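What follows is one structure encoded as structure tokens, with my remarks underneath.
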Amino acid sequence: MPDLHIVIAGAAGQGVQSAAAILGKLLLRQGLHVFTVQDYQSRVRGGHNFMSIRVADYPVAAAVDPIDYLIALNEESLHLHLPELAPRGTALCMEADRGRVSDPRLRALPDDIGPAGANNPKYVGVKLVTMLTEMVGFAKQLLIDAVRQEMGARLKPEIFQLNLEAIDATAHFVGDADRHTLPFRVDPAHRQMFVEGNEALALGLIAGGIGCYYGYPMSPSTSILNTLAEFGPEVGIAVEQAEDEICALNAAIGAAYAGARAAAGTSGPGVSLMTEAVGLAGATETPVVIIDAQRPGPATGMATRTEQGDLLHAAHCGHGEFPRAIVAPADHYDCFYLGAEAFNIAERWQLPVFLLTDQALADAQRTVEVFDDARVTIDRGPIAPEPPQPAVLRRYEDTPSGVSPRAYPALSKWIVSADGHEHNEVGHLTDDRANRVRQMDKRRRKLAGLAAEFAGPEIVGDADGVLFLVWGSTTGPALEAAARLRARGERVGVAVFRHLYPMNKDKTRAALAPAARLYTLENNGEGQLGQLLLLETGLATHGHLGNSDGRVFTVAEAERRMAETLGGAS
Amino acid sequence: MTCIQDFTGHDPQWCPGCGNFDLLDCVKQALCELNVEPQRVIFAAGIGQASKLGFSVRANLFNGLHGRALPVALGLKMANHTAPVLAVSGDGCFYAEGGNHFIHAVRRNLNIAILASDNRVYGLTKGQASPTSPPDFASRANPEGVGAQPLNPALLALVCGATFVARTFTGSKAEVVDLVKRAMQHRGTSFLDIMSPCVSFNKVNTFAWYKKRVRPLGPEHDPANREAAIKLALAADEETIPTGVYYQVERPVFEDHLGALRGAPIAERTLGYKPERVRPLFERFM
């Protein structure tokens, strides 16, 4: 068995996340690689929730379909997920929840197992996780350590003791016939991190020097707000929950003008409200990072599901013409490194930078090698040398690159005027015709310069085979599916786009030129990357493998869709 | 150069007789009397004739979007909590397009001064009703009158938890200078409601109309008494309009509750930020 797929399912409030966190901690401490996807509805209690936990002794970055172990915290979960259980899989539940299910793959735990004090629903999660860890051969002490690390500080001593006794009784119940030690190479000395996409992104923003962050609570961006607010006081990040997303981005722009590295985060509905201020950042040439953790639209869409439906909006939102940049992390490492880099792009080119992530990446928790902050640089772009006496800065000086040196107002002798109206070189409003043309040309030149330094897509696999174009969270499943297809003799590759806009035309054309055919694989219906590629480079794709159901691509699903383009012979 | 010249920016383009000329003189005078340096102060302006005042003061200026001066001011203070910030705009910008921001900026008690130049009409777009226009105010866009009740800015600020609320009239220049200074010296959000005549589009609330009605508050008014302040605000548009400080109390400012804002401004600390500042946080994910 190359990897193991565990699903923990139950109603909201039943402890699905706690059980998954304990298990995740145990696996992390064994040096194993874990990729976790949570599927939840936007409510606090009730509704069906599940966590999908994939474990391997090699890095994994995608979800898979068949379930090896199902932990069902209620009867509904059993019914919903048994059809996905692998033929040789095992389902675990309490006796009371088995209902009329008589599947030979089901192991039900007596409801009265453990001390009397632990015979209530609060202990179901820890008991069933114990069954699992016993069955796959992890020492009981590892589980106890994980419970202590994850919950020890939160539980009263007597409750913690009841947990230990419940673990003990359950461990004794598991029969020898159900014990199968997994062939994983464990490596407890291997120090890894276990992070959600949004946590990796927040850490990246911190490495990149963020000083001010603004957001209005909105799934799936809220965990960025929460993470930065939690670390804010000790690291020195001022975080504010704005009254709306309009305020959030205008405040970030104000903070950036005043010399902080500033970002505003939201999801698609909030980006719609921020659109006015995106243009303001463009006109005033204020460096700011806008994070769009995408969810399905339009309007309210589906708050806790995923989609890659905002790419063209990010590329074109805002009236008039002004430069902006779009980057998209393809995995958790990118969340960190590209999160930090986004500020450099913003400040070197003095424009708004969209960082597009999506729910599938934002909420997915995975093990990563400890991030290397030595790989992060901070480049604040051209800064005007201090004048001998207070003087008005030519903030919008016409330069060959289009970028004019900034100054940090109130920290410098420069007097800095930034203006959202068309303005002259000193930031004073004017409708003068020649000036208008000069300023528009100056701002437009930045786009050409930025495109020249942006990377083309990264090609993984056969560059001259059928090439699948991806960005964001579809990258993980696409890479693994393509590897499976290559293992079966197919000539396929994946082109991963991280610098999405402005596209580097030459590098992109060169990277895609050898391909036999091009297909986009995106979590949207219209193939937005393909449309942007056509607009930016003139290259047309042969088709789009899309998905508008709001769910994450699994490896099998990606593989099936990719195989269909290969003549159906797979 | 005299101090006033130091603060003299671009020539304003208002109609002759516009109350904003007087306000501009008073703002420059107040800055000089407070010994503020042009490169130290930041103006956050919105859109409208009143907000153009920012261009005519030689100082740092962020001239942003209609209604959004206060969100920009929030960002300015979080990046640099030591810089004096003045948010300057008019009734349409602060109360219509920016109404939501006004409510929450005042709630926050950010340490800024809000200079709201209220002429009860839209000047830049040529004469439409503003949120402070009376119900019978008619224009090409509102030929049958506004219908809605006028908003009461001082009362709104008071119920939102303002810690400094004052009203004045551009025709009372000494009072305007005094109140701009006191607004800037107050620690917290200072709301200065400035009645300013529009000579082109408001033929009712003229210079003479205001002059007849304004009455400076006497020593009998206690600015620490919120109920008394609310009563003054409710009395607006009666035959006399009280001017002066309606309300002033000390309350912790927004900047006090954020741990990240202790010490040097974030914008200054950012100059020394290194990527390794993130490293101590990794342990929590291991």
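General remarks:
- Looking at the protein assembly as shown alone, DSSP beta bridges between its own residues are antiparallel in about 30 percent of cases.
- Sequence of A:Lys122, B:Lys77 once ranked by neighbouring C-beta atoms within 10 Å, starting from the fewest: A:Lys122, B:Lys77
- Straight-line cross-link reach from A:Lys122 at under 26 Å between alpha-carbon atoms covers these lysines, not counting any fewer than eight positions away in the same chain: A:Lys25, A:Lys140, A:Lys156.
- Magnitude of the charge dipole for the protein assembly as shown, about its Cα centre and with charges confined to Cβ atoms of Lys, Arg (+1) and Asp, Glu (-1), is about 1360 debye.
- Fewest-first sequence of B:Arg167, A:Arg88, B:Arg187 by Cβ atoms within 10 Å of each Cβ: A:Arg88, B:Arg187, B:Arg167
- Computed on the Cα atoms alone, the convex hull of the protein assembly as shown gives a volume of 189 cubic angstrom per residue.
- Residues with amide H under 5 Å from that of A:Leu109, placed H, sequence gap 5 or more: A:Cys93, A:Met94, A:Glu95
- Charge sum, other residues only, whose C-beta stays under 9 Å from B:Gly46's C-beta, Lys/Arg counted +1 and Asp/Glu -1: 0
- Count Lys and Arg as plus one, Asp and Glu as minus one, and take only other residues whose Cβ is under 13 Å from that of B:Leu156; the net charge is then -1.
- On Cα atoms only, tilt of A:555-564 relative to the major axis of chain A in degrees: 70 degrees
- When A:Tyr257, B:Tyr122 are sorted by how many other C-beta atoms sit within 10 angstrom of their C-beta, beginning with the fewest, the order is B:Tyr122, A:Tyr257.
- Cα-based helix-to-principal-axis angle, A:222-235 vs chain A, degrees rounded to 10: 80 degrees
- Annotation: amide H of B:Leu61 within the under-5 Å range of A:Val416, A:Ser417, A:Ala418, B:Phe43, sequence separation 5 or more or interchain, hydrogens built in the peptide plane.
- Summarising the amide proton neighbourhood of B:Ile114: residues at separation of 5 or more, or on other chains, whose placed amide H is nearer than 5 Å comprise B:Ala87, B:Ser190, B:Phe191, B:Leu192.
- Compared with the dominant Cα axis of chain A, that is its longest principal axis, helix A:157-173 is turned about 60°.
- From phi via Karplus (6.51, -1.76, 1.60), per-residue ³J(HN,Hα) for segment A:468-475 in Hz, x at Gly/Pro: 9, 8, 9, 8, x, 5, 6, 4
- Leading residue at positive end of dipole, segment B:3-283 (Cβ point charges), from B:Ala45, B:Ala174, B:Thr240: B:Ala45
- Here the Karplus relation 6.51 cos²θ - 1.76 cosθ + 1.60, evaluated at θ = phi - 60°, turns the backbone of segment A:440-446 into coupling constants of 5, 4, 4, 5, 5, 4, 4 Hz, with x for every Gly and Pro.
- 24 Å Cα cut-off, lysine pairs counted over chain B (separation 8 or more, or different chains): 22
- Adding -39500 (n - 2.57) for every DSSP H run of four residues or longer, then dividing by how many residues chain A holds, sets the calculated 222 nm ellipticity at -11500 deg cm²/dmol.
- Förster radius 25 Å - calculated FRET efficiency between B:Cys15 and B:Trp209 (Cβ-Cβ, nearest 0.05): 0.90
- A:Ala299/A:Ala86 FRET efficiency (R0 35 Å; Cβ-Cβ; nearest 0.05): 0.35
- Taking a Cβ cut-off of under 12 Å around B:Phe94, the surrounding Lys, Arg, Asp and Glu residues balance to a net charge of -3, with basic ones at +1 and acidic ones at -1.
- Phi-based couplings in Hz for segment B:158-175 (Karplus 6.51, -1.76, 1.60; Gly and Pro marked x): 5, 6, 7, x, 4, 9, 8, 10, 9, 10, 7, 10, 4, x, 9, 4, 5, 5
Each reported figure results from applying straightforward, stated rules to the coordinates on display, with no laboratory input. Keep in mind it's a predicted model, so treat the numbers as computed, not measured. Heads up, the Cβs are rebuilt from the backbone with ideal geometry, glycines too, and the neighbour counts pull from every protein chain shown.
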